[in-house]
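I have placed the structure first, in the form of structure tokens, so that the comments after it can refer back to it.
Every read-out reported here was derived from the displayed coordinates using simple, explicitly stated rules and does not represent laboratory data. Note that the structure is predicted; figures quoted are calculated from it, not measured. Cβ placement follows ideal geometry from the backbone for every residue including glycine, while neighbour counts extend to all protein chains displayed.
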Amino acid sequence: MEINNKHRVRPAGQEQRAEEQRIELIQTVRARTEAATREIQEFRRANTDRSESRRDEILLGRTDSRATDERTRAENERRETADRLEVAARTRQLAAAAARKDAAYEERVEELRKEFAAGRLHSPERLERAARRLLGDEHVEQD
């Protein structure tokens, strides 16, 4: 017989068998530990899901007015954003129209200068029609 410091006294031929048993025991302990860990994780996950859903239900029950306020605020923000976009688009349109109007005004002033230089603006009627054209009245008859 041999004395094994790790285990009790064993017969000489059973040392290999003892090693196999030790390996088997380690594997069994690992398997049980992993199974217990999985069960604990599943338990925590299940309880967390339930507690979160309960908490959400409580919050939803208590915050119906808050949800309404949030919807109202979101709707107001959406409207304000749409208004800002509309104002920006209208501002761009007005700026473009002003640029076109300035260009048209300059063209009409140049036409009047040419007509005056040519001596064709001597009658009061022609001068009145030129002034109307300059001021934007497009329905004036041309000579």
Item to check | Label-point gap, in nm, between residue 48 and residue 110 - each point 7 angstrom along Cα→Cβ | outcome: 7.5 nm
Checklist entry - Taking the mean number of other Cβ atoms within 10 Å as a proxy for protection, how do you rank 68-75, 109-116 from highest to lowest? => result 109-116, 68-75
Item to check | Stretch gain in nm, segment residue 34-residue 102, where the contour uses 0.36 nm per residue and the Cα spacing is subtracted | outcome: 16.2 nm
Checklist entry - Between residue 91 and residue 122, what is the label-to-label distance in nm when each label sits 7 Å out along the Cα-to-Cβ direction? => result 5.2 nm
